[in-house]
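Novice: I'd like to ask you about the structure that follows.
The values are calculated or read from the model by the stated rules, or taken from the named source; none is laboratory data. What you are looking at is a predicted structure, and each value in this text was computed from that prediction instead of being measured. Counting neighbours? That spans all protein chains shown, and the Cβs are built from the backbone with ideal geometry, glycine included. Just the protein is used for accessible areas: all its heavy atoms, side chains included, with ligands, DNA and RNA removed. Shrake-Rupley method; radii C 1.70, N 1.55, O 1.52, S 1.80 Å.
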Amino acid sequence: MAKKDSKNKTDAAQTSRRDFIKTGSSMLVAGGAIAGSLSIAQSAHAFGSDQIKIGLVGCGGRGTGAADQAMNTKGDTKLVAMGDVFEDRLKQSLRSLSSRHAKQVEVPEDRQYVGFDAYKKVIDSDCDLVILATSPGFRPLHFETAVNAGKHIFMEKPVGTDAPGIRRVLEANKIAKEKNLAVAVGLQRHHEKAYVETINRLKDGAIGDIIFCRAYWNSGGVWTRNRSASQTELEYQMRNWYYFNWLCGDHIVEQHIHNLDVINWLMDGPPETAEGQGGRQVRKGADHGEIYDHHMIEFTYPNGVKMLSSCRHIPGCWNSVSEHAHGSKGYADISGGKIYDAKGDLAWSYGQGGRGGHQEEHHDLFASLRNGERPNEGDYGAHSTMTAIFGRMATYSGGHSGKGGKVLKYEDALNSEIALADFDKLTSMDDEAPVKPNPEAAQKQAEQSPYVVPMPGESITI
């Protein structure tokens, strides 16, 4: 089910906490400007009033949204190339973007690229910045290629689905820094004024010493896409990408990353250990692939602070998408922008507004480019993604590393050799899918899925 790969194995682990602190805490946005001690080459070319040409890789809903938001920014922008493995998605995205930005979309047929190599053609086009928004498993390959081509990059979260992919991103990001390339990651809460102000107050001691945190993404779930008779197994999985770990990473990685990222932001880096549990209560059958519908994890940070992490996709239950911190002098509803004193009385509230991060992250990125600044969010984007992968590894394994039942450690997870797919070798929908249906597994799992579903205590690989 999984393949081993030692590429970029050990060195990337050494860039963890120190690099997270340097980049994650310095890239906060306040008042529309980048705050903190950015490493900016003052002599870097500023686009100013010049046109910034955009290439789009991945034309689904998020890619279309990101391109739309990029063209909403101040200054001259133009979409000049688009690529997707599916032609119908590209055409739909092109129609949508053209209807909203008729004068800014110039993508003739010879710059509409379809297939597994479409990303290369978009990156090789005359674009200044490339938006990477395919299913997350492809992100490390696409990011590395864009960095090597010297393009500025906006990449959606998560930035990978396994540890070798995250190490690949970290290594490529070193080169991005050397080349003075802008790298933005779609963890948009860093660009919402309400979040920035709340986190800054907590770091300044508004609730005293942080002693405990909670993070939630509990909801009713997302779409499924049924199989059609004409699809190969690989095409079916890529159309229904949310339910396969090699493409999505499980919903803890694809969605809950946002909440985990906020706590990492507050704690100045990723957790040190994790143990947890999860499973499939309502997800059954082929359309739900191999991922869980609930995860519950206890993360512990190096300073001993614990975070309770909960994410669930089950209809009809209590829902919450939020982050909370408890301190020696009070409590904070981080997502709500509210701070309470030790008696439970409201001590501070951000008030209305300060949201809209999906748009603000593009306003900030393009403003920085025009000012000659080159922000880089790659390291904290990678470590927040790895935190979510770390959580998945904990729930799938039952919280142990396979080494005498010891609790799983972040550095061990980051150095894992397990690669969920060889993305570089996929060239056609007729290729063999990295995950294969298993009729025997389906019988054993009482109609849970025709795919092998990880079982805690047995599966310690992903």
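Novice: Please go through (1) open to solvent by 10 Å² or more (accessible area, probe 1.4 Å); (2) out of contact with any strand residue (DSSP E or B) (no Cβ under 8 Å at 6 or more places or on another chain); (3) at positive phi for G372 and return the number of the only condition it doesn't satisfy.
Specialist: (1)
Novice: Looking only at segment 188-207, count how many residues are of a type in the set (D, E, K, R) and under 12 Å from Y350 (Cβ atoms).
Specialist: Counting residues in segment 188-207 that are of a type in the set (D, E, K, R) and under 12 Å from Y350 (Cβ atoms) gives 4.
Novice: Let me ask another. Of all residues in segment 309-333, count the ones that are within 20 Å of the chain's Cα centre (by Cα) and within 19 Å of P271 (Cα to Cα).
Specialist: Here the count works out to 5.
Novice: Name the residue, out of A433, A446, that is at pLDDT 90 or above, in a loop (DSSP other than H, G, I, E, B) and either over 17 Å from the mean Cα position of the chain (by Cα) or under 24 Å from E254 (Cα atoms) (or both).
Specialist: A433
Novice: Give segment 330-353 a look and list any residue that's out of contact with any Lys or Arg (no Cβ under 7 Å at 6 or more places or on another chain), more than 20 Å from A215 (Cα to Cα) and surrounded by fewer than 14 Cβ atoms within 10 Å (Cβ to Cβ), or say none.
Specialist: K343, D345, G351, Q352, G353
Novice: Another question, then. What is the residue count in segment 99-122 for residues that are under 15 Å from K78 (Cα atoms) and under 24 Å from the mean Cα position of the chain (by Cα)?
Specialist: Looking only at that region, the number is 1.
Novice: Please count how many residues of segment 263-278 are farther than 13 Å from A388 by Cβ and either open to solvent by less than 10 Å² (accessible area, probe 1.4 Å) or among the β-branched types (V, I, T) (or both).
Specialist: So the answer is 3.
Novice: Something else about it: Check C248, C213 and return the single one that is crowded, with 22+ Cβ neighbours inside 10 Å and in a loop (DSSP other than H, G, I, E, B).
Specialist: C248
Novice: Within segment 75-121, which residues are in contact (Cβ under 8 Å) with a residue 40 or more places away in the chain, touching an Asp or Glu at 6+ places or on another chain (Cβ under 7 Å) and in a helix (DSSP H, G or I)?
Specialist: Answer for segment 75-121, where residues must be in contact (Cβ under 8 Å) with a residue 40 or more places away in the chain, touching an Asp or Glu at 6+ places or on another chain (Cβ under 7 Å) and in a helix (DSSP H, G or I): just A118.
Novice: Turning to a different aspect of this structure: Checking G289 against (1) open to solvent by 10 Å² or more (accessible area, probe 1.4 Å); (2) within 23 Å of S135 (Cβ to Cβ): exactly one of these is not met. Which one?
Specialist: If we test G289 against (1) open to solvent by 10 Å² or more (accessible area, probe 1.4 Å); (2) within 23 Å of S135 (Cβ to Cβ), just (1) comes out false.
Novice: Can you tell me which of L234, L260 is open to solvent by less than 10 Å² (accessible area, probe 1.4 Å), modelled with pLDDT of 95 or more and within 21 Å of the chain's Cα centre (by Cα)?
Specialist: From the options L234, L260, the qualifying one is L260.
Novice: Sticking with this one: Can you name every residue in segment 295-314 that is of a type in the set (F, W, Y) and either open to solvent by 10 Å² or more (accessible area, probe 1.4 Å) or in contact (Cβ under 8 Å) with a residue 60 or more places away in the chain (or both)?
Specialist: The one that is of a type in the set (F, W, Y) and either open to solvent by 10 Å² or more (accessible area, probe 1.4 Å) or in contact (Cβ under 8 Å) with a residue 60 or more places away in the chain (or both): F299.
Novice: Go through segment 263-283 and count every residue that is over 20 Å from the mean Cα position of the chain (by Cα) and in a loop (DSSP other than H, G, I, E, B).
Specialist: Summing the residues that are over 20 Å from the mean Cα position of the chain (by Cα) and in a loop (DSSP other than H, G, I, E, B) in segment 263-283 gives 4.
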